[in-house]
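Only one structure is covered here, and it is reproduced in the block below.
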Amino acid sequence: METDTVPKTFVAGSFLADAKSGEKEPLGNRIIEIPEDFVQFENRDARSRFIAYVPVGSVKKGEALAAMGVGNPPAQCATCHGAGLQGLGAVPALAGRSPSYFVRQLYDFKQGARAGTGSESMKPIADVLSVDDMLVLAAYAASLPVHGAATQ
């Protein structure tokens, strides 16, 4: 959800949760993910859903960056991750992923903390991404539908 403000949050273990106070706080240039139902999430219900708040305009900026490509020569995300970022062969789908997870993975590629299949091809791409680039790409990927996923 693109927005300028988010519900006031509090740290609940290792994640943020809605304080349910009715208060708002500025989002700034960050991503905030909170469980829709705190109790359901805390009970580890596999059907728990999250709301991801991202800055206004970030989905469109991410779509443009994914289509334009990154690096020299520019690599478009769909070249490896498939149409609609649904995945392609052994290359994972990015559509519908948690934006926090997505940014963490890109950051780890950039820092050299990721190893394994695909890491070699992602490192030069991640190396040229700014944190802002990572944020908008994550917002875009999270906004995409996951093929075959149940919708509500």
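Read the figures in this text as sums done on the coordinates, not as results from a lab. Please read these numbers as outputs of a predicted model, since none were measured by experiment. So basically every Cβ, Gly included, is an ideal-geometry build from the backbone, and we count neighbours across all protein chains shown.
Compared with the dominant Cα axis of the chain, that is its longest principal axis, helix 131-143 is turned about 70°.
Residues whose amide H falls under 5 Å from that of Ile51, counting only those 5 or more places apart or on a different chain, are Ile34, Glu36, with hydrogens built in the peptide plane. Given in Å, the Rg to one decimal and the Dmax to the nearest whole number for the Cα atoms of the chain are 16.1, 49.
Can you quote the Å³ per residue value for the convex hull of the Cα atoms in the stretch 5-53, rounded to an integer?
Enclosed volume per residue, from the Cα hull, is 71 Å³.
Evaluated over the chain, the count of Lys pairs having alpha-carbon atoms less than 29 Å apart is 11 (only pairs 8 or more residues apart or interchain). Sites counted here are GluC sites (Glu not before Pro) in a DSSP loop (not H, G, I, E or B) having no more than 13 other Cβ atoms within 10 Å; the longest part of the chain that contains none of them is 37-152. Dividing the convex hull volume of the alpha-carbon atoms in the stretch 58-143 by its residue count gives 81 Å³ per residue. For the stretch 81-89, 3J(HN,Hα) computed residue by residue from phi via the Karplus equation (6.51, -1.76, 1.60; θ = phi - 60°) reads 8, x, 4, x, 6, 8, x, 8, x Hz, glycine and proline entered as x. Less than 5 angstrom separates the built amide H of Gln76 from those of Val70, all sequence-distant by 5 or more or on a different chain. As a calculated quantity, the FRET efficiency between Asp127 and Gln40 at R0 = 35 Å, using C-beta atoms, amounts to about 0.35. Angle of helix 58-68 to the longest C-alpha principal axis of the chain, folded into 0 to 90 degrees and rounded to 10: 10°. Remark on Ala19: its backbone amide H falls under 5 Å from those of Lys8, Thr9, Phe10, a criterion applied only to residues 5 or more positions apart or on other chains, H modelled at 1.01 Å from N.
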